[in-house]
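The values are calculated or read from the model by the stated rules, or taken from the named source; none is laboratory data. This structure is a prediction, so every number in the text was calculated from the model and none was measured. All Cβ positions, even for glycine, are placed from backbone atoms using ideal geometry, and neighbour counts span all protein chains on display. To get the accessible areas, we keep the full protein, side chains included, count just its heavy atoms, and leave off ligands, DNA and RNA. Shrake-Rupley method; radii C 1.70, N 1.55, O 1.52, S 1.80 Å.
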Amino acid sequence: SSTVDLLIYQTLCYTQEHLDHLDVDNYLLKVCGQEEFLNNSQTLAGLEFVQQCLKFDWEIRLFLTKRSIISTKLARTKEDDDTASSLNHCILLQERPIKQTVTREALTLLLDTFHNEAESFLLSEVELLLHVERLVQSVKALCSSLAAVETPDVTAALNQLPACPCRLQPKVLKDASVLSLRENRESVVEKLTAAILDLVELYCGTFNANFHTTPQSRSCTAPVQEAGLVTNVLSFTVYAAHRVPITWATRYSGSPRSTVLHQSICMFTQNELASGFIF
């Protein structure tokens with residue numbers, strides 16, 4: 001039943017010699033390893049982190065820090081509390097979910113266009129900027145068809161090209177004269193092609209496309225452990241979930257712990273761990 005500020009004061013009694021001018025509000029407790037700061041007026045027993053530690057018999061590890069050294073740029077303000085929240089964009093996605101996926105024939109046409117423009121860029125001796133413009137346009141068409149996604153690898157590869165009208169304020173290579181050498185242009189095309197193929201593979205694994213990419217033989221460097229031999233509590237964080245089936249949203253409600261999404265993710269993790277997948 002102790003409050004957080006009482007724990008802070010008790011801790012400062014062991015670390016500070018003079019407590020006359022000590023203000024507990026100048027200090028905060030945060031969870032070790034997480035960017036979660038505790039409210040000084042809360043009781044320890046009411047904190048979810050403390051409840052989890054007690055449930056799984058974990059050591060409660062907290063970090064004492066000064067409030068003045070914490071960056072509060074993203075902290076919630078009173079204006080945030082007073083502003084009414086709106087979930088209309090989520091409702092819009094539920095009413096009109098993305099059902100149209102790119103077909104194999106359409107993607108083949110876009111890839112052929114990209115390869116042709118890349119070949120012209122490699123062979124170009126004059127009007128380099130014109131070929132750069134056409135190459136970038138073919139990449140934009142691919143990204144637009146693949147759920148309008150531009151991965152960081154695609155962006156990094158495009159940044160090796162000079163500026164062109166179809167790209168507004170790109171972080172491009174400052175010295176464009178290096179592309180006058182064919183080997184430098186080949187390096188850019190190789191990086192751009194690899195990034196495009198990774199995007200296609202990501203798209204096929206995310207959307208219900210009518211085609212699949214050839215499995216890549218990638219060496220596994222992370223340790224593998226059988227699911228039946230795992231003795232510790234398996235825990236992971238889902239940062240974002242895309243294309244959640246609309247039936248889940250209509251049939252279930254409540255906190256994430258009680259939704260079918262949470263249950264399905266747990267089942268998926270156990271099955272994939274047993275199959276050798278690594279998270």
query: List the aspartates and glutamates whose alpha-carbon lies under 19 Å from that of residue 191, not counting same-chain residues fewer than 8 positions away?
result: 112, 117, 119, 133, 150, 153, 175, 183, 201
message: Just to make sure I understand: if all protein chains stay in place, what is the order of 78, 140, 73 by accessible area at 1.4 Å, largest first?
response: 73, 78, 140
query: Could you give the nm distance between label points at residue 24 and residue 52, where each point is 7 Å from its Cα heading toward the beta carbon?
result: 2.6
query: Excluding residue 13 itself, what net charge comes from residues whose Cβ is under 15 Å from its Cβ, given Lys and Arg +1 and Asp and Glu -1?
result: -4
- request: Would you kindly find the accessible area of residue 18, with a 1.4 Å probe and non-protein molecules such as ligands, DNA and RNA excluded, rounding to the nearest 10 Å²?
  value: 140
task: Arrange the residues 20, 80 by how much accessible surface each exposes, largest first, with a 1.4 angstrom probe.
output: 20, 80
task: Provide the solvent-accessible area of residue 37, counting protein heavy atoms only and rolling a 1.4 Å probe, rounded to the nearest 10 Å².
output: 80
task: Can you tell me how much longer the chain between residue 36 and residue 73 gets when fully stretched, taken as 0.36 nm per residue apart minus their C-alpha distance, in nm with one decimal?
output: 11.9 nm
- prompt: Would you list 196, 246 from the most to the least accessible area, probe 1.4 Å?
  reply: 246, 196
field: For residue 135, solvent-accessible area (1.4 Å; no DNA, RNA or ligand), Å²
entry: 0
query: Leaving out ligands, DNA and RNA, what percent of the accessible area of segment 1-92 is carbon and sulfur, probe 1.4 Å?
result: 51
field: Relative packing of peptides 108-114, 147-153 - highest average C-beta neighbours within 10 Å first
entry: 108-114, 147-153
